[in-house]
Structure formats: C-alpha cells, structure tokens
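The values are calculated or read from the model by the stated rules, or taken from the named source; none is laboratory data. Predicted model, so just to flag it, every value in this text is computed and none were measured. So basically every Cβ, Gly included, is an ideal-geometry build from the backbone, and we count neighbours across all protein chains shown. Calculation scope for accessible area: heavy atoms of the full protein, side chains included, ligands and nucleic acids excluded. Shrake-Rupley method; radii C 1.70, N 1.55, O 1.52, S 1.80 Å.
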Amino acid sequence: MSFEEETETTPLNELEQIEINLLLEGLYQKYGYDFRSYVRTSLSRRIIHRMRAERLPTITALLEKILHDPAYLERLLNDLSIRMTEMYRDPSFFAAFRNEVVPLLRDLPEIRIWHAGCATGEEVYSMAILIQEEGLAEKTKIYATDINEKALRSARKGAFPLEKMQQYTKNYLRAGGKKAFSEYYTTDHQFAYFHPIMEDNLTFAQHNLVTDGSFNEFHVILCRNVMIYFNNDLQQKVHRLLYNSLADGGFVGLGSKESILFMPPGLDYEEFNATERIYQKRK
Ligand SMILES: C[S@@+](CC[C@H](N)C(=O)[O-])C[C@H]1O[C@@H](n2cnc3c(N)ncnc32)[C@H](O)[C@@H]1O
C-alpha cells in the first residue's frame, strides 16, 4: 500500500498529541507554515511516518531537526501535503463546467481562472485543454497555486506518467473532450508531456491558503479536494478568501466530497450546480 493510500491509524497517546501540537507550533513560529487547523488524523499519521523515515525516536526529536535543518523541513512539508490528483478528476464536473459555465464566460473580455491547491497540475492542464477547445485560450489567464513547492516544480513540467494515459483518456472523453486525447501530448518511454499547452497564459506560483491573502480578482476559482483536510474554522477562513477573490457573478468549484455547510454566513452564493459543487457569487 502506498503512503498516499495508507489508511491505518493507531490512536495517539496523550504525550504524542502534545508533541504534535508543539511540532505544529514550531513549524508555524519558525517558518510560518500553519498546519495547526488541519484535520489531525491524517496529519499525525504523516508526521509519524516522517519521524520513522528519518529514524528518529520521538516527534520531539523530529521537531528539533526541523528547527535546525531546513532539509528536514522540506521532506516533512512534502509529506504533509496530500497530492492525490488526476486529469479530469470527476469527469462530470468538467462536463458541467464546459456545458454550463463556459457559455457564461464567453463574452468576458478577459477570463481569469485560479486553481487553488493545484498539486502536480493535472487539474490545471485538464482545464487548459478544455479552454483551448472552447476557443477561449487567447483571452484566458490561468493561475495555479499550491503550498507545496515540490509539487509545483513537477506541475511546471506538465509531465505525467505514461501508464495513467489510458485512464485520463477515458476521463477526458467522459468530460466532453472533443479530440483524440493523444493530440495534446508527446511521449517518451516514461511520461506524457502536456507542456506547452497555453504556456503563455499559465502561471504556477506558491501560495498558502491559510496565511496568504487574495492576489487578483477571478471569474473562476477551483479549490477542489483541498479544504477536506481543514477543520471547520479554517474552511470558513478559506471560503472567505475565495469569495473575496471572486468577481461578482464568478464561479467557485469544490471537490465532490466537499460541502458548503462550513461556509461562513454572509457569502452570497447561488447553487449553480449543486451536484457538481459549482456555486456562483451573486451579482
Ligand atoms: C489532494 S490535492 C488536490 C489537487 C487538485 N485540486 C485535485 O482536486 O485533483 C490537495 C492539494 O492542496 C494543497 N494544499 C494543502 N494545504 C494548502 C494550503 N494551505 N495552501 C495551498 N495549498 C494547499 C496540497 O499541497 C495538495 O497539493
């Protein structure tokens, strides 16, 4: 079983919980990475995994290493971010986006899209292809951000494992794709390369949804399968950030298991397509 799929949890004892709190506090105070309001189960499992991988006896020993050696920090950060993603994940979401949202974007002079929590970029290239097929590439700017610099480095390359292409082709067609999917990539023996689709209008940058603010006004924000790892307070905070970053009439798309239950009061959204978790900010 891979680390990403690992589900087994051993409940933490009281001391380990204290150590985890101290580690998260240290990470925040020293480096500004704020994981204090993430759902604890998965976070704790990942911290313990890192402690064991570094052959350290305690979480406190890991904290000590992290405070004094940024190499440990980078490895822990990489573990703490759950990057599972795929191209056209939930194809029906992308089909709804193409059929229902795109017609409402068509007349805008410029379209700005933000992928918040883009991981290794599969969602971003999926959107870029869709936008290109709809003839909107010239006037669309896509901003893709993540907290994880390593994931972003990989995203910039636009290279995805060749063995995934069969599944991604199925997803693409179910999402309403209009061509042979293979037209969009070149291959070597290991990877399919999607670079340079929309290259001039596609920007990847590091951005932390917990601690960084709004940086533009967008017509579409996809923040899918990110808040699922946040506690209710943090979800509310991030919902506010997304709302304040949306133009009036703009759309936000969430992941299939994400709920708007934790949206704070006062965010005036219409359920545009509730099944696909697409909401429109009222004008
Ligand atoms: C499971 S992936 C989702 C990827 C993609 N949106 C999708 O649905 O397929 C979650 C991503 O959220 C990122 N993330 C977690 N906390 C974040 C934060 N505070 N700010 C920005 N990105 C964050 C992780 O690094 C990870 O790449």
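To keep it simple, each residue is scored yes or no on (1) within 14 Å of the ligand (Cβ to nearest atom); (2) within 30 Å of GLU134 (Cα to Cα).
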position	(1), (2)
LEU24	yes, no
TYR33	yes, no
LEU56	no, no
TYR72	no, no
ALA119	yes, yes
## Note on the structure
So, first residue over 22 Å from ARG106 (Cα atoms) and modelled with pLDDT of 95 or more in the range 234-262, second residue basic (Lys, Arg) and within 12 Å of the ligand (Cβ to nearest atom), Cβ within less than 6 Å, six or more apart or across chains; the pairs are GLY255/ARG224
### Query
Looking only at residues in the range 208-266 that are open to solvent by 20 Å² or more (accessible area, probe 1.4 Å) and small (Gly, Ala, Ser), which one is nearest to the ligand (Cβ to nearest atom)?
SER256
### Unmet requirement for PRO196, which otherwise passes all of (1) in contact with a Phe, Trp or Tyr (Cβ under 7 Å, 6 or more places away or on another chain); (2) closer than 14 Å to MET127 by Cα; (3) open to solvent by 40 Å² or more (accessible area, probe 1.4 Å)
(1)
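Let's see how each residue does on (1) at pLDDT 95 or above; (2) in contact with a helix residue (DSSP H, G or I) (Cβ under 8 Å, 6 or more places away or on another chain); (3) more than 12 Å from the ligand (Cβ to nearest atom):
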| residue | (1), (2), (3) |
| --- | --- |
| LYS141 | yes, yes, yes |
| ILE147 | no, yes, no |
| SER154 | no, no, no |
| ASN171 | yes, yes, no |
| ARG174 | yes, yes, yes |
| TYR185 | yes, yes, yes |
| PHE191 | yes, yes, yes |
### Query
Restricting attention to the range 1-33, and to residues there that are of a type in the set (Asp, Glu) and modelled with pLDDT under 90, which single residue is nearest to ARG75 (Cα to Cα)?
GLU4
### Query
Which of the residues belonging to the range 267-283 are open to solvent by 50 Å² or more (accessible area, probe 1.4 Å) and of a type in the set (S, T, N, Q)?
THR275
### Task
Scan the range 2-13 and give yes if some residue there is in contact (Cβ under 8 Å) with a residue 24 or more places away in the chain and either assigned to a helix (DSSP H, G or I) or open to solvent by less than 20 Å² (accessible area, probe 1.4 Å) (or both), otherwise no.
no
### Task
State the number of residues belonging to the range 99-119 that are without any contact (Cβ under 8 Å) to a residue 40 or more places away in the chain and of a type in the set (Asp, Glu).
2
### Query
Of the residues ILE131, ILE113, which single one is within 16 Å of the ligand (Cβ to nearest atom) and open to solvent by less than 10 Å² (accessible area, probe 1.4 Å)?
ILE113
